[in-house]
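**Student:** Sharing a structure with you now.
The values are calculated or read from the model by the stated rules, or taken from the named source; none is laboratory data. Every value quoted in this text rests on a predicted model; they were computed, and no experiment measured them. Cβ sites come from the backbone with ideal geometry, for glycine too, and all protein chains shown count toward neighbours.
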Amino acid sequence: MARDVSFEGIKRGALVTFKSALVKGTDENKLVKMSAAGTVVVCTDGDDVFGIVRIIDDSDKAASVQIDGFVEDYPALHGSIPAIGFAHVIAKTHSSVQLKSATAGWKLHRVVKSDDTAHLCSFEL
């Protein structure tokens with residue numbers, strides 16, 4: 001039986017629900033940041049990533065967000081993927097990330113897979 005590398009489910013607990021004005025069918029799998037107490041909004045260019053929206057309530061008043069665990073094969077900005085190890089995960093638009101080398105004062109994330117040709121990376125939130 002052949003197996004492939006997988007980080008699915010590691011440290012990933014239940015999704016956390018926050019207030020939001022995100023739109024069901026449009027904003028799933030986008031990067032989010034905190035905007036107010038208990039409220040998330042879609043990241044803009046340069047924002048520190050808080051989590052990734054996985055489910056949006058039918059009324060568009062609440063969003064379930066993945067705030068820990070691994071994210072596999074997420075779109076990344078071409079030319080910005082560092083070597084495997086620790087890096088900063090910064091939003092580059094709401095649906096792709098830019099990874100920067102470690103800098104004091106920023107949260108470090110484990111980068112476990114990077115493919116600059118396919119513009120994808122896998123990292124830990």
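**Student:** Determine which member of the set 53, 71, 41 is in contact with a strand residue (DSSP E or B) (Cβ under 8 Å, 6 or more places away or on another chain) and either among the basic types (Lys, Arg) or farther than 16 Å from residue 97 by Cβ (or both). Write out each step before concluding.
**Tutor:** Numbers: 53 fails: either among the basic types (Lys, Arg) or farther than 16 Å from residue 97 by Cβ (or both); 71 fails: either among the basic types (Lys, Arg) or farther than 16 Å from residue 97 by Cβ (or both).
None of the others qualify; the one that does is 41.
**Student:** Please go through (1) of a type outside the set (Val, Ile, Thr); (2) in contact (Cβ under 8 Å) with a residue 60 or more places away in the chain; (3) touching a Lys or Arg at 6+ places or on another chain (Cβ under 8 Å) for residue 51 and return the number of the only condition it doesn't satisfy.
**Tutor:** Of the numbered conditions (1) of a type outside the set (Val, Ile, Thr); (2) in contact (Cβ under 8 Å) with a residue 60 or more places away in the chain; (3) touching a Lys or Arg at 6+ places or on another chain (Cβ under 8 Å), the odd one out for residue 51 is (3).
**Student:** Taking the stated definitions as given, is residue 27 surrounded by 15 or more Cβ atoms within 10 Å (Cβ to Cβ), over 11 Å from the mean Cα position of the chain (by Cα) and among the charged types (D, E, K, R)? Write out each step before concluding.
**Tutor:** Numbers: surrounded by 15 or more Cβ atoms within 10 Å (Cβ to Cβ): yes; over 11 Å from the mean Cα position of the chain (by Cα): yes; among the charged types (D, E, K, R): yes.
Taking the combined requirement at face value, the residue satisfies it.
**Student:** Filter the strands (runs of 3 or more DSSP E) completely within region 20-125 down to those with at least 3 residues that are among the hydrophobic types (A, V, I, L, M, F, W, C).
**Tutor:** Values: elements: 31-36, 39-42, 51-56, 62-66, 70-75, 85-91, 97-101, 109-115, 120-124.
Here the list reads 31-36, 39-42, 51-56, 62-66, 85-91, 120-124.
**Student:** Let me ask another. Is there any pair linking a residue in region 88-117 that is of a type in the set (Gly, Ala, Ser) to one that is at pLDDT 80 or above and surrounded by fewer than 13 Cβ atoms within 10 Å (Cβ to Cβ), with Cβ under 8 Å and at least six apart or on different chains, and which?
**Tutor:** As it stands, the answer is 91/44; 91/45; 91/46, since those pairs meet every condition given.
**Student:** Another one. Does region 81-93 include one or more residues that are modelled with pLDDT under 80, among the hydrophobic types (A, V, I, L, M, F, W, C) and within 23 Å of residue 112 (Cβ to Cβ)? Steps first, answer last, please.
**Tutor:** Looking only at region 81-93, we keep the residues that are modelled with pLDDT under 80, and these are 81-83, 93.
Next, only the ones that are among the hydrophobic types (A, V, I, L, M, F, W, C) stay: 81, 83.
Going one step further and asking which of them are within 23 Å of residue 112 (Cβ to Cβ), we end up with 81, 83.
Yes, region 81-93 has at least one match.
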